[in-house]
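Let me begin by presenting the structure, written as structure tokens, before commenting on it.
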Amino acid sequence: MKTKKEVITLGTARENLKSARRIVIKVGTSTLAHADTGKLNLYRIEHLVREIADLHNAGKEIIFVSSGAIAAGMNKLGIKVKPQTIPENQALAAVGQGVLMHIYEKFFAEYGQTIGQILLTKENAADAHARENSGNSFRAILDMGAIPVVNENDAVGVDEIRIGDNDNLSAIVAAMIDAEVLIILSDIDGLYDGNPKVDKDARLIDEVTEINSEIERIAGGAGTKLGIGGMFTKIQAAKLATAHGVTMLIVNGSTNGNLRRALNGEKVGTIFPRRESS
Ligand code: GLU
């Protein structure tokens with residue numbers, strides 16, 4: 001019987017990234033949109049798409065989890081303040097998801113890359129049967145040489161069936177399809193040992209081999225809504241991913257070339273090596 005081993009030898013996890021084949025890449029709204037206007041950052045999106053298409057050309061299977069539907073919907077409808085009601089947010093997502101896919105369709109097509117949209121809720125991963133069915137869809141898209149573009153199905157999302165954030169969603173997807181690596185693109189360089197926005201001495205943590213209470217405290221602690229740069233949900237995602245044999249990285253999505261550097265085993269961001277079974 002398989003038993004869980006604590007963790008891989010320190011330092012080898014980055015080396016192993018070079019041979020990773022199936023990779024989930026998650027990008028958040030703060031990376032996709034301009035902070036000042038809330039409008040889509042086309043420069044950033046275009047670079048990201050090119051990098052992903054190139055990784056695909058290099059033989060990797062890429063699953064792309066993108067937020068930004070609600071932001072794109074607000075933009076399109078000229079709404080400045082995020083509404084409070086569920087139906088209004090559902091409507092914004094319904095409008096914005098189409099806008100988002102239109103842009104991805106255009107940019108990926110420029111590099112000859114086909115994409116396919118998958119929208120999920122908690123129900124699609126609720127039990128083994130649901131996970132198997134969802135996984136089959138991903139595998140079929142990948143087998144056809146296309147890149148699945150994934151988001152939560154916010155247009156029908158209500159509290160009972162929502163996963164709620166795309167960090168956790170991307171970890172669920174990575175586990176569901178046996179990905180080797182999950183890369184979460186953030187608006188900061190990785191996990192720091194303090195809050196870099198207020199503490200000049202805060203240092204970037206290169207590798208987290210165990211997600212203990214100290215790491216959770218650094219990330220904002222259980223129960224708080226906003227961790228350092230939204231780190232709390234990323235740590236939840238890291239727990240889920242690493243427990244399912246997926247190595248996770250938090251990397252700055254604003255720096256062009258970071259995806260490639262990370263997958264080359266270079267020291268960018270924070271790595272959470274998968275927990276291996278022996
Ligand atoms: N699914 C949401 C959207 O597309 C984003 C959720 C998140 O940012 O974590 O707007």
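The values are calculated or read from the model by the stated rules, or taken from the named source; none is laboratory data. This is a predicted model, so every value here is computed, not measured. No Cβ is skipped: glycine too gets one built from the backbone with ideal geometry, and neighbour counts run over all protein chains shown.
Data overview
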quantity	calculated
Segment 11-29 - residue that is over 19 Å from Thr242 (Cβ atoms) and buried (at least 20 other Cβ atoms within 10 Å of the Cβ) and, of those, modelled with the highest pLDDT	Val27
Residue within segment 217-228 that is in contact with an Asp or Glu (Cβ under 7 Å, 6 or more places away or on another chain) and within 28 Å of Leu55 (Cβ to Cβ) present	no
Tally, over segment 186-202, of residues that are of a type in the set (A, V, I, L, M) and free of Cβ contacts under 8 Å to residues at least 12 places away in the same chain	2
Within segment 61-71, considering residues that are of a type outside the set (A, V, I, L, M, F, W, C) and over 18 Å from Ala140 (Cβ atoms), the one surrounded by the fewest Cβ atoms within 10 Å (Cβ to Cβ)	Ser67
Number of the exception - Leu142 against (1) assigned to a strand (DSSP E or B); (2) more than 24 Å from Leu77 (Cβ to Cβ)	(1)
Only one of Ile188, Ile163, Ile141 that is of a type in the set (Val, Ile, Thr) and in contact with a helix residue (DSSP H, G or I) (Cβ under 6 Å, 6 or more places away or on another chain)	Ile163
Any hit, segment 76-89, residues being among the small types (Gly, Ala, Ser) and surrounded by 14 or more Cβ atoms within 10 Å (Cβ to Cβ)	no
Single match in Glu210, Glu132 (criterion: without any contact (Cβ under 8 Å) to a residue 12 or more places away in the chain and surrounded by fewer than 14 Cβ atoms within 10 Å (Cβ to Cβ))	Glu132
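Here is a yes/no grid of residues against (1) aromatic (Phe, Trp, Tyr); (2) part of a loop (DSSP other than H, G, I, E, B); (3) loosely packed, with under 15 Cβ neighbours inside 10 Å:
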| site | (1), (2), (3) |
| --- | --- |
| Ala175 | no, no, no |
| Ala179 | no, yes, no |
| Leu182 | no, no, no |
| Leu185 | no, no, no |
| Asp199 | no, yes, yes |
| Ala202 | no, yes, no |
| Ile215 | no, no, no |
